[in-house]
Structure formats: structure tokens, C-alpha cells
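Participant: Input: one structure, supplied below.
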Amino acid sequence: MLIQPKIRGFICTTAHPAGCQAHVQEQIDYVASQPAFRGPKRVLVIGSSTGYGLASRITATFGAGADTIGVCFERPAADNRTATAGWYNSAAFEQAARQAGRLARTVNGDAFSHAIKSHVINLVRKEFGQADLVVYSLASPRRTHPDSGETFVSAIKPVGQPYTNKTLNFHTGEVSDITVEPATQDEVDQTVAVMGGDDWRRWIEALEEADALAPDVLTVAYSYIGPAVTHPIYREGTIGRAKDDLEQTALRLNERLKRSGGGAFVSVNKAVVTQSSSAIPIVPLYISLLYRVMKDKGLHEGCIEQMYRLFATRLYTEDPIAVDGNGRIRIDDWEMKADIQRSVAALWESAATGNVEQISDLAGYRHEFLRLFGFDMPDVDYTEDVNADVALGDM
């Protein structure tokens with residue numbers, strides 16, 4: 001079939017298998033071009049099909065020679081509908097990892113459920129014995145609780161009072177003001193239930209109970225802080241409440257795991273273009289301006305560059321893992337440099353529909369958004385017929 005991007009708001013409803021494969025290979029090539037590092041060998045990635053989770057899996061395999069098991073919840077192709085990008089990404093990664101002589105198994109299913117946890121833990125025991133790294137990188141908008149059966153839905157809202165600021169329609173280039181009404185307490189609670197630390201804790205406890213964790217296991221989850229302009233809608237909003245819970249979970253897990261030589265950490269990462277970040281008001285404008293400034297200064301990183309730097313220079317070095325006063329690894333350090341943030345803040349004040357194309361990297365934002373779904377990749381012929389039905393994984 002011929003596959004072209006079909007975009008609805010911040011969602012692309014199609015994905016291109018050859019384009020996704022090229023995007024995965026590009027990330028593999030980046031890691032392969034960097035110095036290898038002594039890192040994990042038996043890695044479980046929960047939320048492994050896109051973004052930072054996929055980049056973590058690639059970095060572990062092609063930077064440290066790790067075998068991996070990935071968990072994701074993606075949709076296969078059916079009738080005239082393509083599979084999701086995460087499906088194609090995972091299939092491409094599996095193929096490349098196996099060609100490199102590494103074990104790569106992918107379990108497709110609801111990571112929140114008891115059934116998938118049990119299946120994955122049995123697979124870890126069979127293939128690894130014990131995992132020495134567990135990456136938690138789920139980015140789901142909803143969660144069905146495995147005990148109560150209740151379904152929680154996250155909200156992207158401020159807490160306490162309405163928030164008004166600029167936002168950007170990255171498709172049209174229109175900059176406008178937006179007001180987001182504050183969340184109810186129920187919306188706060190549901191967002192924490194979906195995006196907080198409860199499921200991460202459950203995974204670690206279940207793995208530990210099954211003796212599926214190495215004594216020196218590390219586990220890491222991902223978070224974001226960002227600049228003051230995004231705080232009301234992000235760090236001080238419903239998502240921020242969930243991230244607070246995630247970070248408190250890390251501290252408790254760290255106390256538990258360090259007794260045997262392991263540890264649990266939250267890595268605060270840089271703002272990047274993802275389907276999730278594209279849905280957050282204010283954030284696309286901030287990222288477009290940030291990309292312009294960081295590229296001009298030669299400091300720009302995408303997911304793969306961030307994850308390589310996290311693994312090779314923070315998690316797996318001879319030095320103790322450096323954390324901030326709240327126990328977090330700060331791999332967002334380049335983004336949050338004072339000169340970077342001053343430049344972004346100045347551009348923010350002047351940003352308007354008439355100049356946003358000139359003062360920001362809006363073109364780069366659009367390019368990165370399309371690449372998430374396997375489009376706008378060089379050397380991929382999008383006029384060719386391709387087979388959308390690609391095999392993947394265990395379930």
C-alpha cells in the first residue's frame with residue numbers, strides 16, 4: 001500500500017514501516033559511532049517502543065552489548081490501516097539487535113495488568129535469570145487498575161487557578177493566547193494514578209518477589225522539569241503532581257534496592273518532540289524556540305543523544321551516580337543553562353504568528369514530529385508500495 005501521513009491535531013493516524021526502520025537505524029548508527037561503555041547486559045524496558053524508552057533500549061544494546069526485553073502496547077496493521085509507529089519501531093529494533101547477535105524479545109500488551117507482568121517476569125527468568133537494569137518509560141494517557149478494574153484518565157491542566165499564555169499550532173504556525181481551566185481534585189488524582197509511581201513500584205516489587213532482579217540492579221524512570229514559563233501547565237500542574245509522586249517513589253525504591261548494591265533513580269530529561277509533548281499547551285512553542293537556541297549553540301540533543309549521555313556518563317561510570325538535592329539525575333543540564341534559558345525567554349516575549357517561522361525552529365519541530373511516525377526520512381521513497389503487515393513480538 002501507499003502510505004502518507006494523515007494528521008489530526010497532535011496525532012498522526014498512519015505510520016510508515018520503512019521510515020520507522022530508517023529512524024531506528026539512524027539512532028543505532030549514532031550509538032555505534034560513540035565510544036562503547038561498560039553497562040548493563042540484561043535489560044528490561046517497560047515502555048520500549050518510542051521516545052526515551054526506545055532510545056534506552058537502543059543505547060543498552062548497541063552501546064553496551066545488552067540483551068533486552070521490551071514491553072509496549074501497540075497496534076498491528078489491519079485491513080487498510082497501518083500499524084502504529086511503535087509497532088514498526090519495535091520490529092525494526094528486534095531485527096537489528098538479532099543481526100548484531102543480541103537477544104531481543106518484545107511483549108505487546110497492557111503493562112499495567114497482572115497478566116502482562118506475570119508473562120514478562122517469566123520471560124525475564126527464562127532468558128536472563130535476573131535483570132540488571134529496569135527502565136520504566138510508560139507514557140500512557142489512561143490506566144486500568146489491575147486490582148479494582150477502575151480506569152483512570154490523565155488530564156493536562158493547571159492546579160488551583162486558570163493559566164493563560166501563548167501557544168503554538170505547529171501545523172499552521174499560528175501563535176495565540178490560550179487559557180486552561182484548573183483541574184478538579186479528581187482529575188489530579190486520576191493523573192497521579194496514571195502517571196505517578198504506583199505501577200513502577202508494582203513492577204519492581206513483582207520482579208523482586210520472583211527473584212528476577214540482580215543484587216546490583218539499577219532502575220530508572222524519566223521525568224521533566226523545564227523552565228518557569230511551562231511550570232503552571234506542567235511541573236506545577238496535574239502532570240507535575242504525578243511526577244512528584246514518581247520521584248518520591250524513586251526515593252523509596254532506592255532505599256530498598258541500595259541495601260544489596262542497587263539503586264533507583266529518576267532522570268530529568270530534556271524537552272523533545274514527542275506525541276505526548278505535542279499535546280501539551282505552551283510546550284510546542286517552547287520546544288520550537290529551545291531547538292533554535294540549542295542548535296545555534298551546538299548543544300541540541302534528541303532522545304538518542306540524551307540516553308547515550310545518561311547511560312555512558314551518569315549511570316555507568318566509575319564515579320558515584322551524581323544527583324541533585326532531590327535525588328534526581330539531571331540530564332536536562334544543557335537545556336537549563338542560564339544563557340540558554342535567557343535566550344529562549346527573550347524570544348518567547350517577541351514570538352507571534354508573523355515572526356515565529358523566523359525566530360524559532362518550527363521547521364525542525366515539524367520535521368521531528370513527522371519522523372516520529374516514519375515520515376520525512378531521507379532516502380525513503382514514499383511513492384513506493386510497502387507491506388504494512390510486519391510481525392512483532394510474543395503477545
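Participant: Principal axis extents for the range 112-255, Cα atoms only, whole Å, descending order, please.
Facilitator: 54, 33, 30
Participant: What is the distance in Å between the Cα centroid of the range 137-167 and that of the range 340-395?
Facilitator: 25
Participant: Show me the three semi-axes of the equivalent ellipsoid for the range 292-349, from the C-alpha gyration tensor (sqrt of 5 times each eigenvalue), largest first, rounded to whole Å.
Facilitator: Sorted largest first and rounded, they come to 25, 14, 8 Å.
Participant: Among the lysines, which fall within straight-line cross-link reach of Lys243, defined as a Cα-Cα distance under 27 Å, with same-chain neighbours fewer than 8 residues apart omitted?
Facilitator: Lys117, Lys157, Lys166, Lys258, Lys270, Lys337
Participant: Counting only DSSP beta bridges with both residues in the chain, tell me the antiparallel percent, nearest 5.
Facilitator: 30
Participant: Could you size up the charge dipole of the range 260-395 around its Cα centre, putting +1 on the beta carbon of Lys and Arg and -1 on that of Asp and Glu, and report it in debye to the nearest 20?
Facilitator: Result for the range 260-395 is approximately 680 debye, rounded to the nearest 20.
Participant: Give or take rounding to whole Å, what are the principal axis extents of the alpha carbon atoms in the range 95-171, in descending order?
Facilitator: On the principal axes, the range 95-171 reaches 52, 37, 22 Å in Cα extent.
Participant: Any idea how far the Cα center of the range 232-254 sits from the one of the range 25-104, in Å?
Facilitator: 27
Participant: So if we plug the beta-carbon distance of Glu318 and Thr13 into 1/(1 + (r/R0)^6) with R0 = 35 Å, what FRET efficiency do we get, rounded to 0.05?
Facilitator: The formula returns an efficiency of 0.15 here.
Participant: What does the extension gain come out to for Asn169 and Leu299, with contour length at 0.36 nm per residue minus their alpha carbon separation?
Facilitator: Length gained between Asn169 and Leu299: 44.3 nm.
Participant: For Arg256 and Asn355, what does the FRET efficiency come to when R0 = 45 Å and r is the distance between their Cβ atoms, rounded to the nearest 0.05?
Facilitator: Approximately 0.30, to the nearest 0.05.
Participant: Determine the relative contact order of the chain: mean sequence separation of Cα pairs under 8 Å and six or more apart, normalised by residue count, in whole percent.
Facilitator: Over the chain, the number comes to 23 percent.
Participant: Indicate, rounded to the nearest 5 percent, the antiparallel portion of the DSSP beta bridges found entirely in the range 1-122.
Facilitator: 25
Only the coordinates and a few stated rules stand behind these numbers; no lab work does. What you see is a predicted model, and the numbers here were worked out from it, not measured in a lab. Cβ: placed from backbone, ideal geometry, glycine included. Neighbour counts: every protein chain shown.
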